[in-house]
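Worksheet: one structure, shown below.
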Amino acid sequence: EGKALEVDALQVHFPVRKGLFRRVVGYVKAVDGVSLDVPAGETLALVGESGCGKTTAGKALLKLVPSSGGSAHYGEHDLLALSPRQWQPLRRDLQMIFQDPFASLNPRMRVGEILEEGMLALGVEPDMSARSARIDGLLRRVGLDAAMRHRFPHEFSGGQRQRIAIARALAVSPKLIVCDEPTSALDVSVQAQILNLLRELQAEYGLSYLFITHNLAVVDYLAHHVAVMYLGRIVERGRVEEVLRDPRHPYTRMLLDAVPRIETAGLSKRAGAKGDMPSPLNPPKGCHFHPRCAVANDACRTSYPDEVSVSATRVVRCHLVSREG
Ligand code: SF4
């Protein structure tokens, strides 16, 4: 199967400055060597708790924050190495949908203008009447009324605003969309509608998604592949069925234990996620997860585990997991 995006050893290190002269005294390794692939026409979910670096990784791939190392191949282009001029023609292909659709939509622009802005900037539909017809069609496609183009973002509900943000991304005919927790600010019933819409659009347009979320139920519903991130690194990745059915990394197991199951809700207490993620400013030595890991041993406190391929499609980073076969 083809790859829409191949990320290798992505790093995003932020300088920490102190004192009168703002001297650099260290680095926060928000993303510290992340490798993952987004297969063409499919969804890779990047999951982890807030602060694990998943949003920063997504933004770095679209050059919204500067990366410090690694590569991200989109076709023959390494996105991270492109100059702004080389990047410009690819902006059509690579779009992002954000968690808070209200913050991402300009409150002073009408919905039609919001959709038109990106098309004009990227040279989509130079003909005005064709552009106008496209806007009407897009609004209808995402489940809104074409007449809504004359209204302002504040006149819409959260779910409708996310539909507008999706229409804006679609307006430039993208190939890959980075979705950053697009439903986590919405009511549960609305979440399902937006996830369904994203799934339909993927099938219709052959879109590839890098879907950033903390929610494993969403991963199960939408994604084909999953990469679990902890303190700037991927600790387990593989196909969704295998990772969710048979998690191999203790952190993946902990996340799964924290998912409330309908059949047990109120009857038994779930174990839940134990403790907090340490600060990326000062990560623990050895395996970053060891302070929270119930099965940690001495090796875990001193050395960071290497990647181990446990199957053709699955990679895990844990001292207790051994190579298969
Ligand atoms: Fe736990 Fe050790 Fe595996 Fe880290 S390497 S997840 S501390 S068992």
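No value in this document is a laboratory result; all are computed from the given coordinates. Because the structure is predicted, anything quoted here is derived from the model rather than measured. Because the Cβ atoms are built from the backbone with ideal geometry, glycine has one as well, and the counts that use them run over all protein chains shown.
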Would you mind checking Lys29/Lys59; Lys3/Lys175; Lys3/Lys63 for any pair whose Cα atoms are more than 18 angstrom apart? Lys3/Lys63
Length gained, Ala103-Arg301, 0.36 nm per residue minus C-alpha separation, equals 67.1 nm
Mind giving me the FRET efficiency for Ser311 and Tyr221? R0 is 22 Å, r the Cβ-Cβ distance, nearest 0.05 is fine. 0.45
When N counts the residues of the chain, how does its alpha-carbon radius of gyration compare numerically with 2.2 N^0.38 Å, as a ratio? 1.06
Proximal charge balance of Ala133 [Cβ under 10 Å; K/R count +1, D/E count -1]: -1
Note down the net charge around Ser67, summing +1 for each Lys or Arg and -1 for each Asp or Glu among other residues with Cβ under 13 Å from its Cβ. 0
Out of Leu144, Leu64, Leu44, any idea which swings most in a Gaussian network model of the chain, alpha carbons joined below 10 Å? Leu64
Sum of side-chain charges, Tyr230 neighbourhood, beta-carbon under 13 Å (Lys, Arg +1; Asp, Glu -1): +3
Largest to smallest principal axis extent of the C-alpha atoms in region 102-173, angstrom: 31, 20, 19
Sorted by chain and number, the residues with a modelled amide H under 5 Å from that of Ser68, at a separation of 5 or more or across chains, are Gln11, Val12, His13
Here the gain from full extension of Ala203 to Ala130, 0.36 nm per residue of separation minus their alpha-carbon distance, amounts to 23.8 nm
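Using 0.36 nm per residue, how much length does the chain from Leu122 to Leu82 gain when fully extended, once their Cα-Cα distance is taken away?
Length gained between Leu122 and Leu82: 12.7 nm.
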Amide N of region 30-44 lying under 15 Å from the label point, which is placed 7 angstrom from the Cα of Ser71 along Cα→Cβ: 34-37
So what is the calculated 222 nm ellipticity per residue for the chain, using -39500 (n - 2.57) for each DSSP H run with n of 4 or more, over all residues, to the nearest 500 deg cm²/dmol? -8500 deg cm²/dmol
Phi to ³J(HN,Hα) by Karplus 6.51 cos²θ - 1.76 cosθ + 1.60 over region 144-158, Hz, x for Gly, Pro: 10, 9, 4, 5, 5, 4, 8, 9, 9, x, 5, 7, 10, 6, x
Placed amide H near Tyr230: partners under 5 Å, 5+ positions off or other chain: Val235
Would you grab the residues whose amide H sits under 5 Å from the one on Ala258? Only those 5+ places off in sequence or on another chain, please, with H modelled 1.01 Å from N. Gly272
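Convert 20 °C to kelvin, take the viscosity as 1.002 mPa s, use the Kirkwood radius over C-alpha pairs of region 1-131 as Rh, and evaluate the Stokes-Einstein diffusion coefficient in µm²/s, rounded to a whole number. Provide the component values of the computation, followed by the final result.
Working: Rh = 17.2 Å.
After rounding, the answer is 125 µm²/s.
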Restricting region 76-130 to trypsin sites (Lys or Arg not before Pro) in coil, as DSSP defines it, with at most 13 other Cβ within 10 Å: Arg108
Relative to 2.2 N^0.38 Å, what does the C-alpha radius of gyration of region 180-221 come to as a ratio? Two decimals please. 1.12
Simple spin-label model, 7 Å along Cα-to-Cβ: Phe21 to Arg151 in nm? 5.7 nm
Gaussian network model of the chain, Cα springs within a sub-10 Å range: biggest mean-square fluctuation belongs to which of Phe211, Phe21, Phe102? Phe21
